[in-house]
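Reviewing the structure listed below.
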Amino acid sequence: MILSIISIVLNFAGALGLLLFGMDMLSAGIQKGAGKSLQKLLGMISSNRFTAVLTGVLVTAIIQSSGATTVMVVSFVNAEILSLTQAIGIIFGANIGTTVTAWIVSLFGFNFSISSVAIPIFGIGFAMKFLKKFKIHNYADVFMGFGLLFWGLDLLKGTLSLDAGSMIFLQKFASLGIWGILVSVIIGAVLTALVHSSSAITAIVITLATLNADCFPWEIAAALVLGSNIGSTVDAVLSAMGANINAKRTAVVHVGFNVLGTVIALILFRPFLSLVDFIIPGLPKDNMSAHIAMLHTVFNVCATLLFLPFVNQIAGLVTKIVKESGKYDDEHYRLPAITPVMHSSVDLYTVQMEREIGRMAGHVMIMLDEVAACLSNHNKKSVEEIKAFVSSQENYVDEMNEAITPFLVKCTRMSSANHDNRVQLSKMMQITDGLESLSDECCAVMHTVAKYIGSKGLDIKSESFAKIVSYMNQVHDFFEYVSQHIVLGLTEGELEFSSNIEEEIDRTQKVLKKMSRKRIESGENVKTELQYIDIVRRIEKAGDCIYGIAKVL
């Protein structure tokens with residue numbers, strides 16, 4: 001008896017693991033192949049709440065994971081790509097989109113032999129991995145995921161077909177009335193939180209209820225599915241940890257929407273089940289799979305219709321509930337991105353990192369502005385004040401590099417990262433490193449200038465110093481040109497243009513150094529001229545850093 005129970009438990013665990021792995025591979029495959037399109041779709045959301053809902057439905061139905069959609073939304077809000085009101089609409093839609101899996105299980109899980117198609121589908125997907133020439137290998141995981149999902153469902157059917165004696169505890173649950181329903185809701189929520197997939201729990205409930213319809217109470221099945229909606233919010237909660245205030249508010253909305261919707265469904269439990277029975281004719285036990293799938297759909301559609309008119313009010317309420325802590329330190333960098341989640345699309349994070357690298361370039365541009373203004377004597381601040389400011393900016397850029405680079409490394413290790421993603425991430429790491437090196441050179445230029453001007457070693461009104469000013473402006477303009485192409489990259493023609501600028505910077509350096517040596521030969525102060533050459537050398541190194549970034553672009 002004990003061995004039999006252990007065997008059932010192990011077989012169930014294996015079948016569930018295969019099902020979850022298949023769902024994760026399916027979701028990752030779709031995101032790997034169509035991730036950029038999905039990110040673009042989310043990024044194009046307007047303030048129209050209906051458009052946001054439809055987008056949430058579409059994205060979740062495609063990637064087969066409301067958790068992945070929720071993580072995308074929370075991440076986009078955290079990166080300030082989406083507003084709180086836009087996110088609320090998408091989350092509403094995601095809850096509807098996740099019901100597609102229940103219908104796949106209901107329509108295909110019991111009407112034909114799944115095992116007869118699971119292995120061929122998996123085989124097709126595996127073969128696609130080697131068709132890189134036709135650029136369809138990124139979708140291989142989609143077919144392999146479907147194959148594993150169907151195979152997992154078939155194994156679940158074998159392990160969940162139990163005798164009446166084994167199901168008697170469910171009858172006892174049903175006899176407890178409302179308490180049995182509440183306990184079932186809690187069980188559904190806990191199980192979903194553990195496996196991070198409401199779709200998987202719904203698939204298990206459908207399979208278990210359909211195979212044991214005579215002894216599986218319809219009310220208990222409905223309560224388990226309602227509970228799974230609460231448990232599905234765990235991804236939003238986890239992804240919002242450490243995020244900014246609006247991302248946390250988005251997670252609170254997701255939790256509140258699912259919990260409050262479930263509470264209302266429980267208050268109107270009998271009328272709610274009657275509505276499902278009316279839509280799906282016949283007794284629930286005669287078509288349990290369709291009843292459960294319809295219940296899942298009706299619940300999320302009704303909840304969305306109920307709360308959708310009050311999106312702005314919900315946003316206002318959650319803003320009052322989740323208030324700013326006031327503890328954020330603007331002097332130190334904080335990466336506005338959520339730790340990479342394995343079932344999320346890499347493109348989700350590259351979009352955010354592109355923004356952050358753009359911000360990093362902006363800080364370096366500020367440093368160059370200050371140095372150029374100091375040399376031109378156009379800045380009313382003292383040299384020491386400018387030096388301190390440039391130094392603080394350099395520390396900030398260092399912090400950005402220390403946060404962004406490890407994050408990009410984590411992204412390269414994600415299962416959803418394809419070859420193109422890894423190439424792009426590698427370039428982003430090189431650009432980040434180049435910007436950090438450029439910030440070091442800017443700081444070095446400023447420190448050198450401050451040192452020599454402070455010691456009265458250089459005459460800032462001299463013709464030779466004016467040439468340094470012109471040289472610095474030349475490098476400043478070069479970076480301004482390159483930074484405009486940080487996100488979109490440089491064409492071959494633009495790279496050639498950048499190469500010409502870099503060569504001109506090198507030629508200018510040689511001219512300035514030659515002129516300084518001639519001044520030494522004519523009797524000028526040797527120490528002053530060596531200081532002059534040192535400044536020229538550092539400015540030229542800044543130009544090299546900029547050209548290094550241009551080559552990566």
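Annotations
- Here the label points at residue 302 and residue 474, each 7 Å from Cα along the C-beta direction, are separated by 7.5 nm in the simple model.
- Net length gained if the chain between residue 51 and residue 355 were fully extended (0.36 nm per residue, minus Cα distance): 107.0 nm
- Inter-site label distance for residue 323 and residue 464 at 7 Å from Cα along Cβ, in nm: 6.3
- Contour minus Cα-Cα distance for residue 313 and residue 504 (0.36 nm per residue): 62.8 nm
- Remark: the Cα gyration tensor places the range 270-310 in the prolate category, a/c being 1.5 or greater and a/b exceeding b/c.
- Computed FRET value (nearest 0.05) for residue 194 with residue 533, which takes r as the C-beta separation and R₀ as 45 Å: 0.10
- Between residue 426 and residue 119, the contour length at 0.36 nm per residue exceeds the Cα-Cα span by 106.9 nm.
- Gyration tensor verdict on the range 423-553 (Cα atoms; rounded if a/c is under 1.5, prolate if a/b is larger than b/c, oblate otherwise): prolate
- Model label sites at residue 398 and residue 279, defined 7 Å from Cα along the beta-carbon direction, differ in position by 6.0 nm.
- Packing-based ranking, highest mean first, of 181-192, 422-433 given that Cβ atoms within 10 Å are counted: 181-192, 422-433
- Residues listed by number, the range 259-289, amide nitrogen under 19 Å from residue 179 label point at 7 Å toward C-beta: 267
- For residue 491 and residue 526, a Förster radius of 35 Å and the Cβ-Cβ distance give a FRET efficiency of 0.15, rounded to the nearest 0.05.
Laboratory data are not the source of any read-out in this text; all were calculated from the coordinates shown. Source: prediction; values computed, not measured. Using ideal geometry, Cβ is built from the backbone for each residue, glycine included, and neighbour counts are taken over all protein chains shown.
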